[in-house]
Each structure stands twice: as structure tokens, then as C-alpha cells.
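What follows is a short report on a single structure.
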Amino acid sequence: MLPNVSDTLYVQPVREEVDGFAYKARVTEINEQLIWMEIPLSEQTGKYGLFSNGEELNVYFSQSDGVKWHFRTQVMGRRNETIPMMSIRKPEPHWVSRMQRRNYLRVQASLEMAISTLDGVKFLALTEDISGGGLSFVTESKWGLRESQIIQSWVAVPFRSGAIEHVFFTGQIVRVQPLNDERQLIMLKFDQIANVEQQKLIRHCFERQLDLRK
């Protein structure tokens with residue numbers, strides 16, 4: 001199963017594959033070696049993806065039957081004609097797999113969190129972005145958070161109705177990115193979260209997306 005001309009591709013750098021922002025592009029041309037597409041655009045930020053030649057990408061697409069497919073490839077080049085385009089290596093059919101995991105809409109949001117580690121450290125933080133599969137937040141380096149660490153948290157989730165729900169989860173830190181000597185960005189995926197709580201986050205993300213589009 002391969003994409004066709006005019007299909008929409010969702011492109012995500014491998015370096016950001018833990019619920020990072022996805023970029024959207026339409027297939028413009030396919031030949032024996034390459035798939036050409038419009039320069040991918042992020043619907044979340046409104047910015048074009050700046051991908052270098054050789055960069056590895058995860059690519060997702062679906063066709064008329066609604067089944068979603070995935071393959072990993074790399075950027076091969078660019079060209080400017082009527083519209084700017086980018087090419088990726090055309091996958092062999094056996095590289096393309098039916099998607100097993102869900103992809104969640106991720107939105108920028110500043111939500112209050114109460115965090116506790118398994119060794120008893122407790123502190124407050126604000127999210128940077130959130131999805132049904134994970135979130136990121138900025139905190140002080142002094143708390144000593146590290147990759148693969150498990151934390152527990154409550155996050156206050158507001159809705160357009162005015163209601164605020166407190167969602168509890170256990171999460172695993174997948175990346176720690178220093179911002180300066182005192183602050184760092186923490187990216188985590190949900191390790192344990194009740195389905196009803198996860199649905200609250202998904203609902204918030206869709207409401208937030210509608211607000212951002214106004």
C-alpha cells in the first residue's frame with residue numbers, strides 16, 4: 001500500500017516522534033525512486049517544516065477505506081516550480097505498515113500541574129503543550145528530573161463550558177531539554193491514565209484547536 005498523487009501526508013521528524021507536531025502536505029508527483037510533495041506545513045504553528053537532506057521522517061497517510069498507514073523514510077531534495085516542493089525516498093511496499101498506535105492531536109496550552117516523583121519531591125509547573133498521549137512542561141532544573149523517570153501528576157483541564165476537571169496520570173519522562181542554567185523543558189508520555197481521564201484531555205485539545213483557529 002503506497003500513497004497516490006493528491007493524497008495528504010502527515011510528516012513528523014523521527015527526532016520528535018513522541019507526540020511532536022506533525023506537518024501536512026499534499027503529494028504532487030511520484031516516480032520510481034521519489035515521492036514529491038508540497039513543503040509540509042504545521043497546522044499548529046502555521047510554519048513550514050525546515051527539513052534537511054537526509055533527515056529521517058515518519059510519514060502517515062490514509063486512503064478511501066479509512067485505514068491509516070505508516071512508513072519511515074528520509075528527505076532527498078527540494079525544487080521550485082509552480083510551487084516549492086520537497087522529495088522523500090519512495091518506500092518499498094514491505095516498509096509500509098498498518099498503524100497500530102493512535103496519533104493524538106497536540107496543542108499549545110498553559111495548564112497548571114501538581115507533580116510528585118516516586119522519591120517524594122513535589123512541585124508545581126505549567127504545561128507547554130498537551131495531547132491525549134503525553135505533554136511537555138517547563139520546570140526548574142533543581143528538581144533533578146531525568147529521562148525514563150516516572151512521575152505522578154494532577155493537571156487542571158478547563159473546558160469551554162467553564163468547567164475545570166482535574167486529571168490524574170502517571171507519566172514517563174522521554175526527554176529532558178535544558179533551556180538555561182535554571183530551567184528545562186520536560187517531555188513525557190502517559191504511562192497510566194484512565195480512559196475517561198484521557199478522553200477529557202482529548203476533548204480539551206479539540207476545543208483548544210477550535211479556539212486557536214478563530
Seminar exercise, completed: When restricted to N58, N53, the only residue surrounded by 11 or more Cβ atoms within 10 Å (Cβ to Cβ), in contact with a His (Cβ under 7 Å, 6 or more places away or on another chain), not assigned by TED's automatic domain parsing to the domain that holds I130 and not hydroxyl-bearing (S, T, Y) is N58
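Mind checking which strands (runs of 3 or more DSSP E) fall wholly inside region 118-214 and carry at least 3 residues that are free of Cβ contacts under 8 Å to residues at least 24 places away in the same chain and of a type outside the set (D, E, K, R)? Write out each step before concluding.
Values: elements: 122-130, 134-140, 150-158, 164-178, 183-192.
Ranges flagged: 122-130, 164-178.
Taking the condition touching a helix residue (DSSP H, G or I) at 6+ places or on another chain (Cβ under 8 Å) and among the basic types (K, R), does R183 pass?
On the way: touching a helix residue (DSSP H, G or I) at 6+ places or on another chain (Cβ under 8 Å): yes; among the basic types (K, R): yes.
Yes, satisfied.
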For this session: State whether one or more residues within region 3-25 are under 23 Å from S136 (Cβ atoms), among the polar types (S, T, N, Q), in a strand (DSSP E or B) and modelled with pLDDT of 80 or more.
Result: yes
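Condition test on L179, is it surrounded by 14 or more Cβ atoms within 10 Å (Cβ to Cβ) and not basic (K, R)? Can you show your working first?
On the way: surrounded by 14 or more Cβ atoms within 10 Å (Cβ to Cβ): no; not basic (K, R): yes.
No.
Filter region 189-205 down to the residues that are aliphatic (A, V, I, L, M) and more than 16 Å from the chain's Cα centre (by Cα) and list them by number. Show your work before the answer.
We begin by selecting, within region 189-205, every residue aliphatic (A, V, I, L, M); these are 193-194, 196, 201-202.
The answer is I193, A194, V196.
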For this session: Output the number of residues of region 40-56 satisfying the condition of being closer than 14 Å to Y23 by Cα, assigned to a loop (DSSP other than H, G, I, E, B) and either modelled with pLDDT of 95 or more or among the hydroxyl-bearing types (S, T, Y) (or both).
Result: 1
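Do we have L135 as more than 16 Å from the chain's Cα centre (by Cα), of a type in the set (A, V, I, L, M) and closer than 28 Å to V14 by Cα here? Outline the logic, then answer.
Numbers: more than 16 Å from the chain's Cα centre (by Cα): no; of a type in the set (A, V, I, L, M): yes; closer than 28 Å to V14 by Cα: yes.
No; evaluated as a whole, the condition is false for this residue.
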Seminar exercise, completed: Filtering region 161-211 down to residues that are among the aliphatic types (A, V, I, L, M) and under 13 Å from Y104 (Cβ atoms) yields I193, L201, I202
Exercise. Tell me, which residue of region 182-204 that is basic (K, R) and over 15 Å from E128 (Cα atoms) is surrounded by the most Cβ atoms within 10 Å (Cβ to Cβ)?
Worked result: K200
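The values are calculated or read from the model by the stated rules, or taken from the named source; none is laboratory data. Because the structure is a prediction, the values reported are computed rather than measured. For neighbour counting, all protein chains shown are included, and Cβ atoms are generated from backbone atoms with ideal geometry for every residue, glycine included.
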